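Structure first, then comments.
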Amino acid sequence: MDIAGAMLEAMDASHLLGLVVTDRRGLITGWSPGAERLLGHTAADAVGQPVAELLGLKDSEGPEERHLALPVRHRDGSLLTLPVSRYPLAADLAGCETGPGSVLVVGPPPTRSALREREREALSAWALDVSPMALTVYDTDLRCVWQSDRMRRFSGVSDEERRGRRLTDVLAGPDAVEWEERMRLALLTGEEQVGEVKGSVAAASASRVFSVSTTPLVDDRGQTLGLCTTVTDVTRASRDRERLALLNDASVRIGTTLDVPRTGRELTEVVVPRFADFARVDLLEVLLKGDEPAPGPIAGAVRLRRIVELNRFGDVLEAQTTADDSDVYLANSPAALCLASGRSAMYRTEDPVIRAWAALSPARQAKIDRLGPHSWMLLPVRARGTTLGVVMLTRNRETPEPFEPDDLSLAEDLVARAAVCLDNARRFTRERTAALALQRSLLPQRLPHQSAVQVASRYLPASPSIGVGGDWYDVIRLSGERVALVVGDVVGHGIHAAAAMGRLRTAVRTLADVDPTPDELLTRLDDLVIQLSAESGGGRDDDPAADIGATCLYAVYDPVSRRCSLARAGHPAPVLVAPDGAAGFLEVPAGPPLGLGGVPFESVEMTLPPGSLLALYTDGLVESRQRDLDAGLKVLLTALTAPADSLGDLCEHVVRTALPDGPADDAALLLVRTRALDRRRVAAWDVMADAAAVSRVRSESVRRMVSWGLEEAAFVTELVVSELVTNAIRYGVPPIQLRLIHDDVLTCEVSDASSTAPHMRRARVFDEGGRGLLLVAQLTQRWGTRQTSTGKTIWCEQSLPTEVGSVGPESVEAA
């Protein structure tokens, strides 16, 4: 046997390795049974074949040994990745004429345990040297016994300095103490602890965020030997999460209302203390008035009004939310420079711009010294190309990290979001101011002077989030010293509702001049609402003014008879408080709301004692989010019975009690205390349907005028009585009655049973009649006719001298 064969037999005894011997030409000269088992070729087939062609290997030149994992071709053509080692042979060991060659040792695939061991070794090497997680091993006393290379780079502390020290010796901040407690918990429970720790490493000043995991180290007997802590720097990711959360919070919290000061306050509450330690919002003064600011940047000195200021001082947040503090910012101040350029800017306290601005005001310098700001940020508030103001942010002693460019971009996003909300609020404020001005201009500016009732009223517009509504009230003086009391509510909000309210109030006044009964007036008003809705668009959904719906309560009170007639169209029932304090709701048929049509209205009539209190109101006074309608009505009843020095004080008390947090919807309240006219101020005569009766009633009326001290007005009254009584006798139907009422004016009324109303006309030269009403109209201030249940009444009013026409307390019966 040659030397190569002997070597193969000796080395291949275990049949665990495949041995291949080649000569210097790369031809196979020896092939072991192990090679046959691994690669499939027999010795007869392999010997003499080039190793490169048979196995896909190249016998490398050179005398050195090689140990590689190479793909080796099996007999069936597949490639096997096997460990291959090459050992060169000296010439005297080759045992063949071909000269020295080499021995290839082809090993079998590694076993599972070998692979596991190699994987463990590779994983250990990766964890110790390559992994982004830093490792630290602690003993049971929580003292460091070993740290990885990355942990060494994190802490900046060498192994000699780190060994034997605790976490709190390396990491500064309250989180370090808390995490040591969790490490101790892991030792006690054997459970892994995972969390985030924020603090400053001893060798660095900036605060960082670490993701930390602590796992107990347990031996084969289950005994805890210590802890292994993995640390990953997640500062960037944590900052991104915080910024995303801040933006998300801003989208939810900023702009919840259409109120300018509140929107500014919401911005400061979002950024302090999560992003800055101090925030201030200054807006142009024209913005608060709802006016349109000038477009583009603002150059030069500018006056700004502080909307809100929020400051973090230690653990306390100090807020100033008044809008009364205004300041003039000179052209070289940080705020003016920001508004002039239209761009955001960052400063440090030692910058010349900040130092010069602070030096201009001792109070400002004292405030800066107190807060200790070190980093500043000025951002313009711009929306839709319009500059609205400026936002100032600072970081003080509580936050040592200064603002960075990334912080500036985040702040710009926050301010841009707030700017749109502020601009929306400004536009809404402007529209609401216009609607409110229209609403108030359409309401009575002052109630008319009359003696029938004492009146107090309040109108409260809806909250800004809802807008101005269409509630209204009115007091209309009628003939015969009577008074009409009106309260109404137009459906909807905004300028369309206010305009509709104005149209209905004008219509009620026009209809009241005709002096119909309350149910007749509501019937005509209902027809008018239906007609207005049809003319406005016939109920188109895209037109907010297309449908006009309303409720209304109309009452007429006569101080002579003390009778009050009422009718309502879908409106809340009025409250009556008797002179003895008993209160309740009047049973007035509800009737349908105006604009439905087809259902008649019904009036009720009652006698009211002098001093009775009537409360007419809209549903906004008794309905709110905090309570239901029944509870609101009970509160109203209780408030109306409270003692008060005056009717105005009672009105204020009712409003404060019924709406302690302000109205959600429009609310109108009309309080009316009834009076009775002194019977000595009223004179009445039944008139016979005979021309001779004219002289008698004329004389009687003159004597009554003299007894009232109205001698100067007696002549005019005699003429008026003569004309009206003569017309009633000539054209009317008995019974006929003459009545004189002496109040602040002198009222003359002639009633008869005919429903035919007279008309004033211009008489021609040779006409015998047609001049009576013309004469009455010339001699008196106003005249008119009204239908009654028994016929009609022709009336006229004559003004009196002030000293005799005024009505004092003695002329009115009160409770």
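The values are calculated or read from the model by the stated rules, or taken from the named source; none is laboratory data. It should be emphasised that the depicted structure is a prediction, and the values quoted were computed from it without experimental measurement. Here the Cβ is made from the backbone with ideal geometry for all residues, glycine too, and neighbour counts use every protein chain on show. Areas reflect the complete protein model, heavy atoms only, side chains present, ligands, DNA and RNA absent. Shrake-Rupley method; radii C 1.70, N 1.55, O 1.52, S 1.80 Å.
For a Förster distance of 51 Å, can you work out the FRET efficiency between the beta-carbons of residue 779 and residue 583, rounded to the nearest 0.05? The partial results should precede the final answer.
Values: r = 46 Å, r/R0 = 0.91.
With a Förster radius of 51 Å, E is 0.65.
Can you give the three extents of the C-alpha atoms in segment 311-458 along their principal axes, from longest to shortest, in whole Å?
Over segment 311-458, Cα extents along the principal axes are 74, 34, 32 Å.
Please state the equivalent ellipsoid semi-axes for segment 699-738: what are the square roots of 5 times the Cα gyration tensor eigenvalues, largest first, in whole Å? Numbers along the way, then the final one.
Working: eigenvalues 105, 21, 5 Å².
Computed over segment 699-738, the values are 23, 10, 5 Å.
Between residue 42 and residue 87, what FRET efficiency follows from the Cβ-Cβ distance if R0 is 35 Å, with the result rounded to 0.05?
0.90
Once the piece of chain linking residue 351 and residue 680 is laid out straight, how much longer is it, given 0.36 nm per residue of separation minus the C-alpha distance between them?
Values: separation 329, 0.36 × 329 = 118.44 nm, distance 8.80 nm.
Once the chain is fully extended between residue 351 and residue 680, it gains 109.6 nm.
For residue 240, project a label point 7 Å along Cα to C-beta. Then give me every residue of segment 397-417 with its amide nitrogen under 18 Å of that point.
Under cut-off, by backbone N: 405-411.
Which percent of the accessible heavy-atom area of segment 252-402 goes to carbon and sulfur, probe 1.4 angstrom?
On the way: 3580 of 6650 Å².
So the carbon and sulfur contribution to the accessible surface is 54 percent.
Which shape class applies to segment 206-326: rounded if a/c is under 1.5, otherwise prolate when a/b exceeds b/c and oblate if not, where a ≥ b ≥ c are the square roots of the Cα gyration tensor eigenvalues? Walk me through the intermediate numbers first.
Numbers: a/c = 3.68, a/b = 3.35, b/c = 1.10.
Verdict is prolate for segment 206-326.
Which listed residue (168, 104, 227) has the Cα farthest towards the positive end of the charge dipole for the chain, taking +1 on Lys and Arg C-beta and -1 on Asp and Glu C-beta about the Cα centre?
Of the listed residues, the answer is 168.
Starting from the coordinates of the alpha-carbon atoms of the chain, obtain the Kirkwood hydrodynamic radius over all distinct pairs and give the value in Å to one decimal.
Hydrodynamic radius (Kirkwood, Cα pairs) of the chain is 37.5 Å.
What's the FRET efficiency of residue 315 with residue 143 using the Cβ-Cβ distance as r and R₀ = 25 Å, to the nearest 0.05? Please list the in-between numbers first.
On the way: r = 33 Å, r/R0 = 1.34.
After rounding to 0.05, the efficiency reads 0.15.
So, in nm, how far is label residue 252 from label residue 510 when the simple model puts each one 7 Å beyond its Cα toward the Cβ?
Calculated label separation equals 5.4 nm.
At 7 Å along the Cα-to-beta-carbon direction for both residue 184 and residue 328, put a label point, then send me their distance in nm to one decimal.
6.4
Against the longest principal axis of the chain, how steep is helix 405-442, in degrees 0 to 90 to the nearest 10, with axes from Cα atoms?
Roughly 10 degrees, rounded to the nearest 10.
Of the listed peptides 335-347, 491-503, 399-411, 237-249, what is their order by residue-averaged count of other C-beta atoms within 10 Å, with the highest listed first?
Ranked from most to least packed, the peptides come out as 491-503, 335-347, 399-411, 237-249.
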